[in-house]
Amino acid sequence: MPLTEPQFYKPDSYTPHGSLVYLMLRNKSIYQRIADISLSDLGVTAAQMSVLMMVAHNEEPTISSISQLLGIHAAATVRMIHKLESMELIKKIQSDSDKRVFHLSLTQSGSKLAKRIPERLCGLLNRSLVGFTHAEFDQFKDFLLRIEKNNALQLKDLS
C-alpha cells in the first residue's frame, strides 16, 4: 500500500523561509562561505574543493557525473574543471570506449591537496553539529537520506 502524502506545506500558508529546501540551501551557502575562508590558505575555494573531493572519491568520474553529483550546471562544471586543470590539480583522460567522454583524475599535486582537505572539513562539519548527540546526528542523516530517496522517486515519476 502506498504511503499517504503528508501535508506539511499548504498553498495558503506557504512561505519560502519555512521550506526545508530553503533552510538546506541557506545552510549550504553559509557553510560554503565558512569553507572558503578556511581553505583560502590552501589556494582553493569551497566549490573547487567539492569537485576535487568528488574526483578523489568516485570511480572514473566524468564532467557529467560531477555535475550531477554536485547539482551544478554542466557549463559551470566545465569552467571549474578548466580552472582546476590550470591549477594542475586535475587532469582529463579520454575514455577508450567513447572519445566524447573524459574521465577526471587528480594530479600528484591534486592528490596531496585532497589528502589535506578532510582535516579542515571535519572541523567545520563538527562545529556545525555542536549540541547534537550521536543519535541525533544519525537520525538527521537518516532523515536527509529519506528525503533524497523520496525526491529520487519523484524525479523518476516525472521523467
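Quick note: the coordinates plus some simple rules give every number you see, no bench work behind them. Remember, predicted model here, so these are calculated numbers, not experimental data. Every residue, glycine among them, receives a Cβ derived from its backbone with ideal geometry; neighbour counts consider all protein chains shown.
By the helix-only formula, in which each DSSP H run with n ≥ 4 contributes -39500 (n - 2.57) and the sum is divided by residues, the chain has a 222 nm mean residue ellipticity of -21000 deg cm²/dmol.
Taking every Cα-Cα distance in the chain and sorting them into 10 Å bins from zero, the calculated P(r) comes out as 8, 29, 33, 22, 8, 1 percent. Relative to the dominant Cα principal axis of the chain, helix 134-158 is inclined by about 90°.
Positive contributions from Lys and Arg (+1) and negative ones from Asp and Glu (-1), summed over other residues with Cβ under 15 Å from the Cβ of Arg120, come out at +2.
With a cut-off of 11 Å between beta carbons, the residues surrounding Ile81 carry a summed charge of +3, where Lys and Arg count +1 and Asp and Glu -1.
By how many degrees, between 0 and 90 and to the nearest 10, does the Cα long axis of helix 108-128 differ from the longest principal axis of the chain? It is inclined by approximately 20 degrees.
Could you tell me whether region 28-85 comes out rounded, prolate or oblate from its Cα gyration tensor? Rule is a ≥ b ≥ c as square roots of the eigenvalues, rounded for a/c under 1.5, then prolate if a/b exceeds b/c, otherwise oblate. It is prolate, given that a/c is not under 1.5 and a/b is the larger ratio. Take the Cα of Leu129, step 7 Å toward its Cβ, do the same at Tyr14, and the gap between the two points is 3.2 nm. The number of Lys pairs in the chain with C-alpha atoms less than 24 Å apart, excluding pairs fewer than 8 positions apart on the same chain, is 18.
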